[in-house]
Amino acid sequence: MITLYSFPHSRSLRAAWTLEELGLDYDCRYVALDKGEGQTPEHLARHPDGKVPVLEDGELTLFESSAICRYLAEQYGDGNLLPTNAAERAQVDQWLSFIVSEMEQPLWTHAKHKFALPEDKRVPTIVPTATWEFQRALSALERRFQGQETLVGNTFTLADIFLTHTLSWAISMKHRLPEPLIAYQKRHAQRPALAKAVAREKQAAE
């Protein structure tokens, strides 16, 4: 049995979405990060910083959403979400790296200094810089994205999961997005597997 440790509205949704896209059976377990459950000895044994997602598959324990999703697609996807063609697979990895390091990073910096960090650790003056960084990354993405259905080739991949999720964060934080990317996010946000993933995480938290 595959076990996913999750917290709604976090990066764990990417892992749940990947599991649902692949049609895998899994147990979704809620970790109440807001109540300190991430810092218990049991969870720290799974994740050294007490965060989510964490995936257990037999004797394997993985943390970090990109590593988890890539493992699942490679291990169980048979070409679904991760192309078998080496060049296209490298392009998926390229976009995963760009999305996590260039797009998500300033969004998370913005969020941390708005509400996520303890109040005495927040530096509100950094928010405009984080916004500028995110808009700069968006401009870089636009130089390669011209409104196509998917980022790599003609099939939905992990790159689309990560970009859709990251754009959802940006929209919730009131960042300005170009219309083609708004349409892209809306289209992929309607995938049935995403709705199932959201429901699984919500159910686990109840």
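The values are calculated or read from the model by the stated rules, or taken from the named source; none is laboratory data. Predicted model, so just to flag it, every value in this text is computed and none were measured. Cβ placement follows ideal geometry from the backbone for every residue including glycine, while neighbour counts extend to all protein chains displayed. Quick note on the areas: whole protein, heavy atoms, side chains included, nothing else; ligands and nucleic acids left out. Shrake-Rupley method; radii C 1.70, N 1.55, O 1.52, S 1.80 Å.
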Worksheet item: Is it true that some residue in segment 31-48 is surrounded by 14 or more Cβ atoms within 10 Å (Cβ to Cβ) and touching a helix residue (DSSP H, G or I) at 6+ places or on another chain (Cβ under 6 Å)?
Response: yes
Worksheet entry | Top-ranked residue of segment 89-111 - restricted to ones that are of a type in the set (D, E, K, R) and open to solvent by 60 Å² or more (accessible area, probe 1.4 Å), ranked as nearest to the chain's Cα centre (by Cα) | GLU102
Worksheet item: Do we find a residue being more than 18 Å from the chain's Cα centre (by Cα), more than 28 Å from THR131 (Cβ to Cβ) and either surrounded by fewer than 15 Cβ atoms within 10 Å (Cβ to Cβ) or at pLDDT 95 or above (or both) anywhere in segment 69-76?
Response: yes
Practice prompt. Would you check if there is a residue in segment 140-155 being at positive phi and open to solvent by less than 50 Å² (accessible area, probe 1.4 Å)?
Written response: yes
